[in-house]
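Here is the structure we will look at.
A short reminder: the numbers here are calculations on the coordinates, not readings from a lab. No experiment lies behind these values; they were computed from the predicted model shown. No Cβ is skipped: glycine too gets one built from the backbone with ideal geometry, and neighbour counts run over all protein chains shown.
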Amino acid sequence: MKKQKRRRTGKNQKGEENGSAKKASFGAVFGRILLLNNSLLWVGESVISKVPDATGKFCHLKFPAIKEETLYWDRPVLKDPSQGNIIDFYGSCNHDPLGKEEIQRQRDDYVRRQRRLPESESA
């Protein structure tokens, strides 16, 4: 008679989850919550001020500019608000300071500034 191989399912013979399976599923859920929470904090901390208009469709936002040296990175980084380079924006309330549109706008501004500088001042 051949012995059947038992697959490890994370459950004991009574069908109850064993401790390692509970830990693994808890770890996965906790990891997802932590990741989601960190990404929300990351976006939330970037906006200094958000004031919606009477309709609630448009907002006056203030947020730090993107660090110029990170403008072409996969994940650009905002400047420290204490540096004083603050963007004053009026538009959609869900505008993302690190979204594609804002990154492109700041890249275009950077290129225009570089073209205006004399040869000796450009880096």
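Residues 107, 75, 113 in ascending order of nearby Cβ atoms (within 10 Å, fewest first): 75, 113, 107. Under the simplified labelling scheme, the residue 73-residue 117 pair shows an inter-label distance of 1.9 nm, with each label point 7 Å from Cα along Cα→Cβ.
Cβ crowding within 10 Å ranks 69, 119 as 119, 69, fewest other Cβ atoms first.
Once the chain from residue 49 to residue 94 is taken as fully extended at 0.36 nm per residue, the excess over their C-alpha distance is 14.9 nm.
Hey, got a sec? Which trypsin sites (Lys or Arg not before Pro) in region 50-93 land in a DSSP loop and have at most 10 other Cβ atoms within 10 Å? Sites meeting the loop and neighbour criteria: 57.
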